[in-house]
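A.B. asks: Structure in structure tokens, see below.
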């Protein structure tokens, strides 16, 4: 299916689901999914009737926060920041496979308590896509259901590939942006999430991006940082002068040892084995 027809279909599908939901608040991270939802909502309802709601906490990298504002400006919608305090929840800090539920529950609770009335919102939506629905490692969906948050992309049948095509058709500046899960996803389950660990991961990944590694994960294993990069970047990361620069960028964040994972970037590597066992 070509980009134009995909855009037309996506706009029509989402429009049918949110036509009576203005003013609409969208839980917005600056990622491709939520950006496409914000853009389609603005096309349907008008940019002045859409509010992009950005949750801010230590689990959101500063670079991601800045980028989110840039995308919102491109689309032409206002951003409202809401401070979230998932770190105050013992269940979140405990970092079980349901950590994402407690994070999203905190976000949607804050939106409901602080943002909906203040901005006269008729509804709140978030950017779950049709592929996310089929994944067992997305406990945040339970939080959305609990708070009656809409999921127009998923309900319209728009999968990740479709989202990317729509983003490109809309000319969004983040259309090709790699997935950027929250910083807490870098910490193995059942090891406590703390602001200090999140700051270490953020600093290490910032250093790698400055070296030109656009897609990277730094997994926190105590004194050891396990660096995940796309397979095509592995050779240059461990070759010549760049090898020393990679080591320094990560070690300067406070890690004693730096390991590069030969498997490359692995989405859901910590969570999938645990939730798959539960569903098996």
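The values are calculated or read from the model by the stated rules, or taken from the named source; none is laboratory data. These numbers were taken from a predicted model, which means no experiment stands behind them. Note that each Cβ is placed from the backbone with ideal geometry, even for glycine, and that neighbours are counted across all protein chains shown.
A.B. asks: Would you be able to say whether some residue in segment 44-66 is within 18 Å of residue 168 (Cβ to Cβ) and crowded, with 16+ Cβ neighbours inside 10 Å?
C.D. replies: Checked segment 44-66: no residue is within 18 Å of residue 168 (Cβ to Cβ) and crowded, with 16+ Cβ neighbours inside 10 Å.
A.B. asks: Is at least one residue of segment 123-135 assigned by TED's automatic domain parsing to the domain that holds residue 33, without any contact (Cβ under 8 Å) to a residue 60 or more places away in the chain, touching a helix residue (DSSP H, G or I) at 6+ places or on another chain (Cβ under 6 Å) and in a loop (DSSP other than H, G, I, E, B)?
C.D. replies: No, segment 123-135 contains no residue that is assigned by TED's automatic domain parsing to the domain that holds residue 33, without any contact (Cβ under 8 Å) to a residue 60 or more places away in the chain, touching a helix residue (DSSP H, G or I) at 6+ places or on another chain (Cβ under 6 Å) and in a loop (DSSP other than H, G, I, E, B).
A.B. asks: Moving on. Any idea which residue in segment 29-43 is nearest to residue 175 (Cα to Cα), counting only those that are more than 11 Å from the chain's Cα centre (by Cα) and surrounded by 24 or more Cβ atoms within 10 Å (Cβ to Cβ)?
C.D. replies: 36
A.B. asks: Name, by its number, the condition in (1) touching a helix residue (DSSP H, G or I) at 6+ places or on another chain (Cβ under 9 Å); (2) modelled with pLDDT of 95 or more; (3) under 17 Å from residue 99 (Cβ atoms) that does not hold for residue 188.
C.D. replies: (1)
A.B. asks: Suppose we keep only residues that are assigned to a strand (DSSP E or B) and touching a residue at least 60 places away in the same chain (Cβ under 8 Å) within segment 45-62. Which one would you say is nearest to residue 77 (Cα to Cα)?
C.D. replies: Going through the qualifying residues, I end up with 51.
A.B. asks: Right, here's the next one. Of the residues 65, 78, which is touching a residue at least 24 places away in the same chain (Cβ under 8 Å) and under 26 Å from residue 208 (Cα atoms)?
C.D. replies: Only one candidate qualifies: 65.
A.B. asks: From the set of residues in segment 184-205 that are surrounded by 17 or more Cβ atoms within 10 Å (Cβ to Cβ) and free of Cβ contacts under 8 Å to residues at least 60 places away in the same chain, which is farthest from residue 236 (Cα to Cα)?
C.D. replies: Ranking the qualifying residues of segment 184-205, first place goes to 197.
A.B. asks: Determine which member of the set 171, 145 is surrounded by fewer than 19 Cβ atoms within 10 Å (Cβ to Cβ), under 30 Å from residue 17 (Cβ atoms) and modelled with pLDDT of 95 or more.
C.D. replies: Matching residue, one of 171, 145: 171.
A.B. asks: Mind telling me which of the residues 244, 196 ends up being more than 21 Å from the chain's Cα centre (by Cα) and at pLDDT 95 or above?
C.D. replies: 244
A.B. asks: Let me ask another. Examine segment 120-129 for a residue that is at pLDDT below 95, at negative phi and surrounded by fewer than 19 Cβ atoms within 10 Å (Cβ to Cβ), and state whether such a residue exists.
C.D. replies: There is no residue in segment 120-129 that is at pLDDT below 95, at negative phi and surrounded by fewer than 19 Cβ atoms within 10 Å (Cβ to Cβ).
A.B. asks: Give me the residue from segment 211-226 that is in contact with a helix residue (DSSP H, G or I) (Cβ under 7 Å, 6 or more places away or on another chain) and closer than 26 Å to residue 175 by Cβ and, out of that set, surrounded by the fewest Cβ atoms within 10 Å (Cβ to Cβ).
C.D. replies: Ranking the candidates gives 211 first.
A.B. asks: Taking the criterion of being assigned to a strand (DSSP E or B), assigned by TED's automatic domain parsing to the domain that holds residue 7 and within 17 Å of the chain's Cα centre (by Cα), would at least one residue in segment 97-108 satisfy it?
C.D. replies: No, every residue in segment 97-108 fails to be assigned to a strand (DSSP E or B), assigned by TED's automatic domain parsing to the domain that holds residue 7 and within 17 Å of the chain's Cα centre (by Cα).
A.B. asks: Got a sec? Which of 208, 242 is surrounded by fewer than 20 Cβ atoms within 10 Å (Cβ to Cβ), in a helix (DSSP H, G or I) and outside the structural domain of residue 89 (by TED's automatic domain parsing)?
C.D. replies: 242
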